[in-house]
Amino acid sequence: MPAPDFAAAPSLLRTPALLWQSAGPRRLCVGAERAQAELARLAADGALVLYDPAACSAVPHLGRTALPLPADEGAGAPWRVAREIARLGARTVAVIGGGTAMDTAKLAVALAAGSEPRYAEGPSSGLALLTRACRPAPALIALPTTLGTGSETSGVARLAIGGRRSRLVCSAMLRPEGAVLDPCLTETLPAPLLAAGAMEILLRLIGPLLGPHPMGASSSAWLLETATLVRHTAEALLASPLSQGDAGQYVAAGWSEAAGWSEDAGRFEDAGWSEAAGRSASDVAAYDPAETYEGRAALRLRLRLATISAASHQVWPRVGVSPFAFLLWYFADTAATVTGTAKNTALARLFPAYLERSLTTPGRSAWADGDRARQVARRLFPEAAAAGDRPADYREAAARLLRRWGVPLAPPLDADPADLGRAVVSSWPRALTGLTARDAAALYESASYEAAR
């Protein structure tokens, strides 16, 4: 018998996984018009429904026990909601809204169970953990009204602590018991928010591939294949036919109902969407809440992005991936916190410069696995490979893609690059091992070039 090939073992076997990556939702409903049916069931069971009024104008049935979440949530919002959960004795809580609303609900449910966040007061770490619960937690069902955050299936939540500061709270307790992915809830989402969500999904998939950490071959293949699918899906969703009703251009783009969908079915199977999981192409194609061709096509595309976003937080596509592999996220998180901008805004401003930096590495460094990064760049941006295959060509291609999607790259980050460099390295030392504050500052300074154009 030949000796086992230990060199091919996933790196996760040698790098301990973080506890909040250990499980997924116990119940996942995927499909158009599933939200209303689920809300009706929850209302009949007396569940407390938390909702963002700005995002739920199109949801008529919230049940008798519903609590609106304020637009300006503030640092005390999770505690206020936790007190309401306790006062009402809610055994099940549903939340309808975007990433901030879902994070507030996740934290509130944990607080209602007696957990408390623990974190360093200074900038020594951007992480926070939860203490052990002392009583049963209510079951949480998440119904996202935005695309991209994936908060409905993740075990993390953003906790505001005041003064433009926040902590990323990590715990298996924060992962919802169930989630409902209904594209009807994102039907009125403006194009800029669709674009920002698609970008966040794309970067969550390729971020670990661009980083320096070792990865298992199966995870690398899944992340790259699915990232390519996300780019094509977003291109179709954000194309002008969706807003102008030109179905002919839609067919030319390869997303026709007759021929294009059969092609998508194969791509769905290649990407690992099984019939058993309820995400097959035939299932998605069967949903028809809209009367127009363009409406049906957009519905399917939004549902695809939603399912990929939810799946990207699961364990199975991340086997062999370090929990700290997504370096770009840490740079964007610090920039967003320090400058008071949205996380996706910071991601967009930093991505082209970060991509270029990862491609200048001949081998593996503290910045990137250069060989793997070049494979990713050539797959996602073949036009740059044909134009010269230079790092600057890929930077420009990434910037053009974001502009075409409608993701703004300007103005530049309103902070000194040296200050940002010191802040990110001090906040995320474990994630950015091997990088100095000067290294980080150079990335922030380089990113200002793109924003100024």
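The values are calculated or read from the model by the stated rules, or taken from the named source; none is laboratory data. Not measured: the values here are computed from a predicted model. Cβ atoms come from the backbone with ideal geometry, glycine included; neighbour counts cover every protein chain shown. Just the protein is used for accessible areas: all its heavy atoms, side chains included, with ligands, DNA and RNA removed. Shrake-Rupley method; radii C 1.70, N 1.55, O 1.52, S 1.80 Å.
Observations on the model:
- Residue tally, condition over 18 Å from residue 74 (Cα atoms), in a strand (DSSP E or B) and open to solvent by 10 Å² or more (accessible area, probe 1.4 Å), over region 89-117: 1
- Pick from region 348-365, criterion open to solvent by less than 30 Å² (accessible area, probe 1.4 Å) and among the small types (Gly, Ala, Ser), ranking: farthest from residue 398 (Cα to Cα): 363
- Whether a residue is of a type in the set (Asp, Glu) and touching a strand residue (DSSP E or B) at 6+ places or on another chain (Cβ under 9 Å) was assessed, and residue 152 passes this test.
Results for (1) within 15 Å of residue 188 (Cα to Cα); (2) at pLDDT below 50; (3) assigned to a helix (DSSP H, G or I), shown as yes or no for each residue.
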position	(1), (2), (3)
289	yes, yes, no
298	yes, no, yes
310	no, no, yes
313	no, no, no
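- Qualifying residue in region 376-393 (condition: assigned to a helix (DSSP H, G or I), of a type in the set (Phe, Trp, Tyr) and in contact with a helix residue (DSSP H, G or I) (Cβ under 6 Å, 6 or more places away or on another chain)): no
- Elements of type strands (runs of 3 or more DSSP E) in region 129-190, at least 1 residues being surrounded by fewer than 24 Cβ atoms within 10 Å (Cβ to Cβ) and at pLDDT 90 or above: 139-144, 178-181
- Per the listing 172, 160, the residue uniquely touching a helix residue (DSSP H, G or I) at 6+ places or on another chain (Cβ under 9 Å), within 20 Å of residue 114 (Cβ to Cβ) and touching a residue at least 24 places away in the same chain (Cβ under 8 Å) is 172.
- Where residue 85 falls short, out of the listed (1) at negative phi; (2) modelled with pLDDT of 65 or more; (3) buried (at least 17 other Cβ atoms within 10 Å of the Cβ); (4) under 26 Å from the mean Cα position of the chain (by Cα): (4)
- Across region 25-48, the qualifying residues are those that are within 20 Å of residue 296 (Cβ to Cβ) and charged (D, E, K, R), and the one among them that is surrounded by the fewest Cβ atoms within 10 Å (Cβ to Cβ) is 33.
- The number of residues in region 227-250 being among the hydroxyl-bearing types (Ser, Thr, Tyr), in a helix (DSSP H, G or I) and at pLDDT below 50 comes to 2.
- Of the listed requirements (1) part of a helix (DSSP H, G or I); (2) farther than 29 Å from residue 217 by Cα; (3) among the hydrophobic types (A, V, I, L, M, F, W, C), residue 347 misses just one: (2).
- Among residues of region 371-395, those that are small (Gly, Ala, Ser) and buried (at least 20 other Cβ atoms within 10 Å of the Cβ), counted: 3
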